[in-house]
Structure formats: C-alpha cells, structure tokens
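Quick notes on the structure that follows.
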Amino acid sequence: QVQLVESGGGLVQPGGSLRLSCAASGFTFNYEAIGWFRQAPGKEREGVSCFSINDGSRYYVDSMKGRFTISRDDAKNTVYLQMNSLKPEDTAVYYCATATLGSCSSHPRAYDYWGQGTQVTVSS
C-alpha cells in the first residue's frame, strides 16, 4: 500500500497563492495516477487535478486551468499543486489520492489510497 501526507494549506487572501505538497511512501511503484481532490463543507468531493504516471499527462478542471499547476518530483516521491489567483470558492479541504489501476479519473472511487487532507481557506 501507499501512504500519502498532504501539507502546505493555510489561510490566504483572495488573489494569493499556495503550494500544496503530497508526499508518498510505501509501495509507490504500483500506482498509475495521483490526483488532487477537494471538499468544501456540505458539498461533494470533487476532482481538481491529476497527474498520469504512465506518460506524465496533466489534467485540470476547466475552472482551474491557468490558475493551478500540478507537478511531480520523482526523487522526493512528492506531487505538488501550485495554486495561484485563489478565490473564496477555492476554500476546502484538499486531498491527494492514488489510483493503482487505470489512468486519471475524476471519480473518487477510482482511487485506492488517500491522505488526511490539508485545509485551504481563502478569505479577506
């Protein structure tokens, strides 16, 4: 199995930036995709971005294209989510997750392992 730990969340003003990190350990060699999800209070968990291990492809929700960037540091087994031009609607708990079968999917059930989440709050 794989263990995931998110970090980098915090409180920022609208228009600010944060970089989230997801450190993976354990049997990390067998997953095919790693993605970011978020969940706001009272709302469903939604996909944010995904990195395909197979070919390095990156996927983003349309509303986040141009603001968010996903990247990976192989040496550190860490995936990052750079978040710029943050809006109040981005406020949520952000999770990273890995899928051991298949390519990137926007459905949470496609992912096997999850981190504990990191809180992002965008408020003036």
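The values are calculated or read from the model by the stated rules, or taken from the named source; none is laboratory data. Just so it is clear, the structure is predicted and the values come from calculations on it, not from any experiment. Cβ: placed from backbone, ideal geometry, glycine included. Neighbour counts: every protein chain shown. Quick note on the areas: whole protein, heavy atoms, side chains included, nothing else; ligands and nucleic acids left out. Shrake-Rupley method; radii C 1.70, N 1.55, O 1.52, S 1.80 Å.
One residue stands out among those in the stretch 59-72 that are touching a strand residue (DSSP E or B) at 6+ places or on another chain (Cβ under 9 Å) and not in a strand (DSSP E or B): the one that is modelled with the lowest pLDDT, which is Met64.
Taken over the stretch 27-42, the residue count meeting the criterion of being open to solvent by 50 Å² or more (accessible area, probe 1.4 Å) and either in contact with a Cys (Cβ under 9 Å, 6 or more places away or on another chain) or assigned to a strand (DSSP E or B) (or both) is 2.
Scan the stretch 1-21 for residues that are open to solvent by less than 70 Å² (accessible area, probe 1.4 Å), assigned to a strand (DSSP E or B) and farther than 12 Å from Trp114 by Cα and the total you get is 6. From the list Ser85, Ser71, Ser49, the lone residue that is in contact (Cβ under 8 Å) with a residue 40 or more places away in the chain and under 21 Å from Gly10 (Cβ atoms) is Ser85. The residues of the stretch 100-124 that are open to solvent by 60 Å² or more (accessible area, probe 1.4 Å), in contact (Cβ under 8 Å) with a residue 12 or more places away in the chain and not acidic (Asp, Glu), listed by number, are Leu101, Ser103, Ser106, His107, Tyr113, Trp114, Gln116, Gln119, Ser124. Among the conditions (1) of a type in the set (Gly, Ala, Ser); (2) at positive phi; (3) surrounded by 14 or more Cβ atoms within 10 Å (Cβ to Cβ), the only one that Ala24 does not satisfy is (2). Per the listing Ala92, Ala75, Ala97, the residue uniquely out of contact with any Asp or Glu (no Cβ under 6 Å at 6 or more places or on another chain), open to solvent by less than 40 Å² (accessible area, probe 1.4 Å) and either at pLDDT below 95 or over 17 Å from Phe29 (Cα atoms) (or both) is Ala92.
Can you say whether Arg45 is of a type in the set (Lys, Arg) and either open to solvent by less than 70 Å² (accessible area, probe 1.4 Å) or touching a His at 6+ places or on another chain (Cβ under 7 Å) (or both), as far as the supplied structure shows? No, not satisfied.
Within the stretch 73-91, being on the phi > 0 side of the Ramachandran plot and touching a strand residue (DSSP E or B) at 6+ places or on another chain (Cβ under 6 Å) holds for one residue alone: Asn77.
Which one of Tyr59, Tyr80 is open to solvent by 80 Å² or more (accessible area, probe 1.4 Å) and within 19 Å of Cys104 (Cα to Cα)? When all the criteria are applied, what remains is Tyr59.
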